[in-house]
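Contents: one structure, followed by commentary.
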Amino acid sequence: MKSKVKQILSVIMTICMLSTMIPLTAYGADVDFDDDATVTAEASEDTETDADIEVDEDTSTDDADVTVEEDEEEQTAESEEDEFTSDDAEEVFSDDESVVDVGDTLDGYNYSIVMVDCGRNYYSVESLESIINSASEAGMHYVMLALGNDGLRFLLKDMSLTVGSQKYSSYAVTKAIHEGNEKYRNFDVDELTERDMETILSYAGSKGVEIIPLINTPGHMDSILNAATSLTGVNCAYSSSARTIDVTNSTATAFTQALLQKYISWFASKGCTMFNMGADEYANDTGNPRFSELISSGAYSSYITYLNTVAGMIENAGMTPMAFNDGIYYNKQTGYGTIDKNILVCYWSSGWGGYDVAPASWLSEQGFKMINTHGDWYWIVGGSKVTADKAKQFNVKSFQGSTVANPSGAMFCIWSDYEFSRDSNNSDAAVANAVSGIISNFGSTLPDTSTREAHKNVSVSDEVKPEIAFNGTLENAGDTSVLSMTDNTEVCWTTNNKNVIMLEQNTEESAISTDALSDSVIGTSVKVMVVGPGNATITAETATGIQHTQEFTVNDGGNSEDTENNEIKLEVGKKTTRIQAGVNNAGKVDGTKYDSGIAKVTVAGTDEIEGKTDYSSTSVAIGTLAGSNTSWTKTDYFYQSGNNY
């Protein structure tokens, strides 16, 4: 539509010049398009070569007046209708044909991105699919999921890590991340599963959209930092930060990079071609982000080393690394190391008082490809929001603080700075609905890009109902069996009555297992043995707190006192075992009752030891207890959350 109006004005100007034979600069033309709207093209009082064209619209009937000058090589275009009406009379034109028109291409421009912060707040599969659909309809063929941003809301099925010589079980890592997520913000569901993500990727592929994962480090990583410190036993934090690792701490960087490698490899296997490592606002929770502090201490070189290492991991997986701009040659400091130029720079802020980031134009001159992620066009849950009208005024070349003539892309961001309860759009579904029109308007200002087919071969795993499966029988004393989870998840196995059923690690299991709790075994399976009659319940609890149970009733099995004279038949070279619960008969063998030349009898036993209950402390803010979105249950005398009282 923009081209149509541009052609109309061009024809008007040509007719005016031919009919009057006077310079355009001395002539103005009024053209009525309908009863309600008038477009006025006024010639400049300067020379013809410096002519500026303005399109004015009565603000009482429309949203904004926009003036674009030829020498800025910038213009915006907004339209939701096929015909020119008063609702889109703010169209802006220039006689410089290098200016981008909607529907035109721009050399080097490839990435039109919608980003959603689903790390701080949990977004369901359905809500993310809704945002993907809005992006596709707007011609924006990338959706960036900030899965790791303060929280980490996507958990792999296998979270086991090997960091140097140290191994951490999938259960332990998952549990530590989950605890960090709930500590940060607790939802009824805290994380997406692998099957959830496969569903999202497959849906995106059907819409011509590619997913860009974002897992932010070395800052904005509260949940990962919680895991790193709790599992390694080393304080991995920078100073007093709760969300940033110390880049000079080898334990912190090794653990974080090992975790990142799991996600990089997984997303690469699903067809993703880009991966955003964040890298912004280092230790921003301690005041102003601390890049200047890193420079003054000399640790900025360690930050650059970290940045380049992660970028190399992404590139080795066949993907393009991305990062936000503020840590890239902060304050134009180039003496601390060379930053990988393959990193696509998502430029969101030109800084503020005391936060002196490098200008976008300067970074472009250094050879970086730039993504216009202008912070003035943010939509923030519980915070400021770009309006639908302003979204139509976005200029892909106009970065915050400077201009970049050849941007590689643009990004519209939906941030979750606050909980949904702080916003009138008080759920993920409401947010997805609220941003749909804004995404459409933002996308209308961007050059055309091609649809993506990165995920066309992604298949969604069959849904397996997680439950306990076992082989063998568990009816009589001495019976053994191996219990496992049907979905092969690593869990914590416990028994509520070890006088009936005892647990033992399954030595044939390949998964890493850690006996983290008393009378428990961690693994995808467990070996169990009946030791006495009675009832017992086996519980398999996932790292995120979901419990699966199996009840067993065990018969007497010949272990009571009235069966002491039962006959035991043995084959030559074989042995059998009888177990009697509740007594210790060690050393109480009556040798007169059998011929030791025929069979050898050994009686062993141990005295029962009173169980010990270990307690660990946890803390909760009074605001959390008072809120409605809490896992703490109030009773008459205390609050309870899981096993915490």
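Some observations on this one:
- Figure legend. Inter-residue proximity from segment 318-330: first residues polar (S, T, N, Q), second residues surrounded by fewer than 23 Cβ atoms within 10 Å (Cβ to Cβ), beta-carbon distance below 6 Å, spacing 6+ or different chains. Indicated pairs: Thr320/Met274.
Listed here are the residues, each with its yes/no results for (1) in contact with a helix residue (DSSP H, G or I) (Cβ under 6 Å, 6 or more places away or on another chain); (2) in contact (Cβ under 8 Å) with a residue 60 or more places away in the chain; (3) β-branched (Val, Ile, Thr).
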residue	(1), (2), (3)
Gly205	no, yes, no
Val209	yes, yes, yes
Asn216	no, yes, no
Asp222	yes, yes, no
Thr229	no, no, yes
Ser240	yes, no, no
Asp246	yes, no, no
Ser250	no, no, no
Gln257	no, no, no
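- Residues satisfying the stated conditions in segment 457-471, i.e. surrounded by 12 or more Cβ atoms within 10 Å (Cβ to Cβ) and part of a loop (DSSP other than H, G, I, E, B): Val458, Val460, Ser461, Val464, Pro466, Glu467
- Complete set of residues in segment 135-161 that are open to solvent by 10 Å² or more (accessible area, probe 1.4 Å) and either among the small types (Gly, Ala, Ser) or under 14 Å from Ser416 (Cα atoms) (or both): Ser136, Ala138, Gly139, Ser160
- Residue list for segment 269-283, filter: open to solvent by 40 Å² or more (accessible area, probe 1.4 Å) and either part of a helix (DSSP H, G or I) or of a type in the set (Asp, Glu) (or both): Ser269
- Residue in segment 300-312 that is assigned to a loop (DSSP other than H, G, I, E, B), aliphatic (A, V, I, L, M) and touching a residue at least 12 places away in the same chain (Cβ under 8 Å) present: no
- Hey, Ser165 more than 23 Å from Ala391 (Cβ to Cβ) and free of Cβ contacts under 8 Å to residues at least 24 places away in the same chain or not: yes
- Taken together, the criteria place Ala228 among residues that are touching a Ser or Thr at 6+ places or on another chain (Cβ under 7 Å) and at pLDDT 95 or above.
- Of the strands (runs of 3 or more DSSP E) lying entirely inside segment 341-438, none contains at least 3 residues that are in contact (Cβ under 8 Å) with a residue 40 or more places away in the chain and open to solvent by 40 Å² or more (accessible area, probe 1.4 Å).
- Residue within segment 441-453 that is of a type in the set (Phe, Trp, Tyr) and open to solvent by less than 10 Å² (accessible area, probe 1.4 Å) present: yes
- Of all residues in segment 239-267 being of a type in the set (A, V, I, L, M) and under 13 Å from Leu214 (Cα atoms), the one that is surrounded by the most Cβ atoms within 10 Å (Cβ to Cβ): Ile264
- The set of residues from segment 186-198 being touching an Asp or Glu at 6+ places or on another chain (Cβ under 8 Å) and in a helix (DSSP H, G or I) comprises just one member, Arg195.
The values are calculated or read from the model by the stated rules, or taken from the named source; none is laboratory data. The shown structure was predicted, so the numbers you read here are calculated from the model rather than taken from an experiment. When we count neighbours, we look across all protein chains shown, and the Cβ atoms used for this are built from the backbone with ideal geometry, even at glycine. Accessible surface is based on the protein model in full, side chains and every heavy atom, while ligands, DNA and RNA are left aside. Shrake-Rupley method; radii C 1.70, N 1.55, O 1.52, S 1.80 Å.
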